[in-house]
Amino acid sequence: MRVYLDNSATTAVDREVLDAMMPYFTDTFGNPSSLHGYGREALAVVDQAREKIARLLNAKPTEIYFTSGGSESDNWALRGAAHTYQKQGKHIITTAIEHPAILETCKLLESEGFEVTKLPVGRDGRVSLEDLKNAVRDDTILVSVMFANNEMGAIQPIAEIGAFCREEGILFHTDAVQAAGSIKIDVQEQNIDMLSLSAHKFHGPKGVGLLYIRSGVRAGKLIYGGGQERGFRAGTTNVPAIVGMAKALEISVRDMDNDNEHIKAMRDHFIKRVLAEVPYCKLNGGMEHRLVNNANFSFDYIEGEGILIGLDLSGIAVSSGSACSSGDLEPSHVILACGATMEEAHGSIRFSFGKDNTMEQTDYAVEKLKETVTRLRSFSPLFKEIKGEDTYV
Amino acid sequence: MYNKKVLDTYANAKNTGEIENADGVGTVGNASCGDIMQISLKIEDDRIVDAKFKTFGCAAAIASSETATEMIKGKTLDEALQIKNADVVEVLEGLPPQKIHCSVLAEEAIAAAIKDYRDKQGK
C-alpha cells in the first residue's frame, strides 16, 4: 500500500484543476501582454481568474498580484514594505516559527540595518497578542505572522493581530500558504494588509502563487523587468498556472467543510491511536487551534529521519524535523520554539493528511509506525527493555 | 537521496544489539546532535570474532553502523583500525555529502571500542 501523508509539503493537482488548465498550454496560449487577438484572449482569462480569486478572498481584483509561489510572495512583501517605509522606522516584528522564506528574508533585512523581533510561541505553538503589544515600538513598520504553521499546524490569532495592527497603524502581512484550503480567508474581516498564497498547497499547480496587497499599501517591487501585474511584478504571465490556482482555490472553498470533516476524522483517529499504542511519544503543538490535517509527534529515543525512511520503505510518505532531513545540524526551529528539547526535535515527525486519504490508509500508517518505532528502539543506545518493561537508560 | 544499497542495508541490518560481556565497547556522538553510535566487540587472540551496534540516528548512521560492524568481523585489531570512513562509504556505494559524517562516526566508534579493549588489557 502507498500512503501519502505529506500533504503539507505539496498536494496532488486536482483532476478538475488540471482539466481547467489544459486549454491554456496549447490552444489559448497567447501572451496576455500582446496586443493581438491571441494576447487579448489570454488576458481575458487571466482577468477572470483574478476576479474569481479576489472574490474568494474578499479582496479587489486590483489587489491581487500573481507570483511564482509562496517564497517569492514572502520575499516581496517583507523587502518591498521594509524598503518603502524605512523612513518611518526600521523595526519589524515576526515570530520564531515562520517559514524560512520569512526568516531568511528577515536575516537579509537585518544585514541592511533593520531590527527584527521574533515573537516566542507557547507549547501550543501560538503567539500571544500580549507579547505582540509589548514588542511594538514607535519605529515598528511591519508585523508578519503566519496564518498557520506548516510543521505543527498551530493557527495564529490572525484577525486579532490584524485588528491591533490596524489600530496602531502598522502594516500587517501574513503568510497564509499553509492555511489556504482549510481555513476561510477574508482579508477585510481579518484586517490583513498583505497575504501570501501558494497554489500547490491546495491541489493547484506548483510554481504559482500570489501576493495580496491592500490598495493604498505601497510594497514596491521585487522582480524588475516588463510591466506585468500593473508594473509591480515583471515576468511573462503564467496563464495556465493562474487558471489552475483560481480553480483550485474555488474548489477548496466550495468543498472546505466536507473535506475538513473527512480529513479531521482521519487525523483525530490517527492521533488517538498513536498516543494510545506507541509508548514514549508526545504530540507537538496543541489541539484546539490546529490545522485539521496536521499531526506532529516526537518519538523518544529514536531519530526522526530514521523513522521517515523506515515508513518510506513501507510506502508511507511523511516528513521529519530532524537535522538529518534538512541537511544542517539544527533540528526543527519550530518544534524547538514550542519548548521541545533537542532530542525531541530530532525525533519529530509530521503526518499531514489530505482529502484523498482513507481511514484504511490511516490504520495502515499506525501499524507501520508501530513496527518502525519498535524496530528502531530495539537497537537505540538510549532505550533498554528490562524485564519486558520499556525503561529509559 | 539514498541509493538502494544504503536503503537495503538500513532495512536489513542484522548486527543490531549489544554483545553480552563484550571485550570492548565504544560510544561516540551525542543525542543533541542527532547521532549516537555504540559498537561492542567480542575479541579472541587479537581478532574481532563478533561485532554489534546500537545506533540513535538517521538511516545513513544505521547503514554505516551495519557496514562497519560487518567489515571488521574476522579482522585483527590492527586491520580493523585501518578501515577508514571512505571504505564504509565505498561499500555503501556512496552517501549524500551531508551524511558523510555518519561514516566518520562509524570509524570513530570502531577506534573507541578497540581503545576500550586495549585500555582494559593494559590494566
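Laid out as a table, the results:
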item: Average beta-carbon neighbours from other chains, 10 Å sphere, peptide B:27-38; result: 5
item: Whether chain B is rounded, prolate or oblate, judged on the alpha carbon gyration tensor where a/c under 1.5 counts as rounded; result: prolate
item: Eligible aspartates and glutamates near residue A:221 by straight Cα distance, threshold 15 Å, same-chain separation 8 or greater; result: A:63, A:72, A:74, A:229
item: Greater than 27 Å apart at Cα, pairs in B:5/B:54; A:184/A:355; A:384/B:84; A:87/A:201; result: A:384/B:84; A:87/A:201
item: For segment A:15-254: rounded, prolate or oblate by the Cα gyration tensor [a/c cutoff 1.5]; result: prolate
item: Inter-site label distance for residue A:33 and residue B:46 at 7 Å from Cα along Cβ, in nm; result: 7.7
item: Using alpha-carbon coordinates, inclination of helix A:304-313 to the longest axis of chain A, degrees; result: 90
item: Chain A: angle of helix A:239-254 to the longest principal axis, Cα-based, in degrees nearest 10; result: 60
item: Those Cys residues of chain B for which no other cysteine Cβ falls under 4.7 Å; result: B:33, B:102
item: Cβ-placed point charges (K, R +1; D, E -1), dipole of segment A:120-210 about Cα centre in debye, nearest 20; result: 420
item: J(HN,Hα) series, segment A:72-81, from Karplus relation 6.51 cos²θ - 1.76 cosθ + 1.60, nearest Hz, glycine and proline x; result: 4, 4, 5, 4, 4, 4, 6, 5, x, 5
item: Charge sum, other residues only, whose C-beta stays under 9 Å from residue A:222's C-beta, Lys/Arg counted +1 and Asp/Glu -1; result: +2
item: Amide H partners (placed H, <5 Å) of residue A:316, local residues excluded; result: A:3
item: Footprinting exposure proxy for A:252, A:378, A:73 (fewest neighbouring C-beta atoms within 10 Å first); result: A:378, A:252, A:73
item: Förster-model FRET efficiency, 22 Å R0, residue B:5 and residue B:73, C-beta, rounded to 0.05; result: 0.75
item: Relative contact order (percent, whole number), segment B:1-118, Cα cutoff 8 Å, 6+ residue spacing; result: 32
item: Longest site-free stretch - chain B; sites: GluC sites (Glu not before Pro), DSSP loop, at most 16 other Cβ within 10 Å; result: B:21-92
item: Virtual spin-label span in nm between residue A:367 and residue A:330, 7 Å along Cα→Cβ; result: 4.1
item: Average beta-carbon neighbours from other chains, 10 Å sphere, peptide A:338-349; result: 2
item: Average partner coverage of B:7-14, which counts Cβ from other chains inside 10 Å; result: 2
item: Within chain A, longest stretch clear of exposed trypsin sites (Lys or Arg not before Pro) (DSSP loop, no more than 16 other Cβ within 10 Å); result: A:219-386
item: Given 16 as the ceiling on other Cβ atoms within 10 Å, longest exposed-site-free region of chain A for GluC sites (Glu not before Pro) in DSSP loops; result: A:1-111
item: Listed residues A:196, A:161, A:120: farthest to the positive end of the dipole of segment A:15-254 (Cβ charges); result: A:196
item: Alpha carbon Rg of segment A:242-299, scaled by the compact-globule rule 2.2 N^0.38 Å; result: 1.45
item: Cα-centred dipole magnitude for segment A:256-392, charges only on beta-carbon of K, R (+1) and D, E (-1), debye, nearest 20; result: 200
item: Gain upon complete extension [residue A:123, residue A:261; 0.36 nm per residue less C-alpha separation]; result: 47.1 nm
item: Gyration tensor verdict on segment A:256-392 (Cα atoms; rounded if a/c is under 1.5, prolate if a/b is larger than b/c, oblate otherwise); result: prolate
item: Relative contact order (percent, whole number), chain A, Cα cutoff 8 Å, 6+ residue spacing; result: 21
item: Considering only the protein assembly as shown, percent of DSSP beta bridges that pair antiparallel, nearest 5; result: 70
item: Tilt relative to chain A, helix A:359-378 - C-alpha long axis, 0 to 90 degrees, to 10; result: 50
item: Under 12 Å from residue A:90, Cα to Cα: aspartates and glutamates that are on another chain or at least 8 residues apart; result: A:110, A:112, A:115, A:138, A:139
item: Under Karplus coefficients 6.51, -1.76 and 1.60, residue-wise ³J(HN,Hα) of segment A:131-143 in Hz, glycine/proline x; result: 4, 5, 4, 5, 7, 5, 10, 4, 9, 6, 10, 8, 10
item: In sequence order, calculated HN-Hα J values of segment A:175-187 (Karplus, 6.51, -1.76, 1.60; Hz; x Gly/Pro); result: 8, 9, 4, 8, 7, 4, x, 10, 10, 6, 9, 9, 5
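Each value in this text was obtained by applying a stated rule to the coordinates, not by laboratory testing. As the structure is a prediction and not an experimental result, all values here were calculated from the model. Every residue, glycine as well, gets a Cβ built from its backbone with ideal geometry; the counts of neighbours run over all protein chains shown.
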